[in-house]
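Enquirer: Submitted below is the structure of interest, expressed as structure tokens.
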Amino acid sequence: QVQVVESGGGLVQPGGSLRLSCTASGIIFSIYSMGWYRQAPGKQREVVAVDIRADKPTYADSVKGRFTISRGNAANTEYLQMNSLQPEDTAVYYCNVVEIGAGAPVSEHWGQGTQVTVSS
């Protein structure tokens, strides 16, 4: 029943900006965390940024100072603002949602991903 949908990917030039959106629907329990991961061709999926219980987010060292995540007006929406994009940021970006119930995580959900390509 839970669905996670990302949007906002596209092609941008180095130094450009892009904003990704993630919306989760059909949540049964409370949201423990929402975050963004990315995967380049032939590479392992890696964490980009995560916030736990809508608290202060944490970022991968490679994106600190350039990327920012934030919750939307709806509690089940998360944005990823990407500035000063570089070719090394090219990847498929995935939204991740973890639900919590009875004091422990109970389920994890992934979106289908959205392609971000940084090239001149």
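Enquirer: Beyond 18 Å, how much of the Cα-Cα pair distribution for the stretch 45-105 remains, as a whole percent?
Expert: 39 percent
Enquirer: Taking the chain as the region of interest, what is the percent of Cα-Cα pairs per 10 angstrom bin, listed from the shortest bin to the one with the maximum distance?
Expert: 14, 48, 30, 8, 1
Coordinate-derived values only; no laboratory data. Source: prediction; values computed, not measured.
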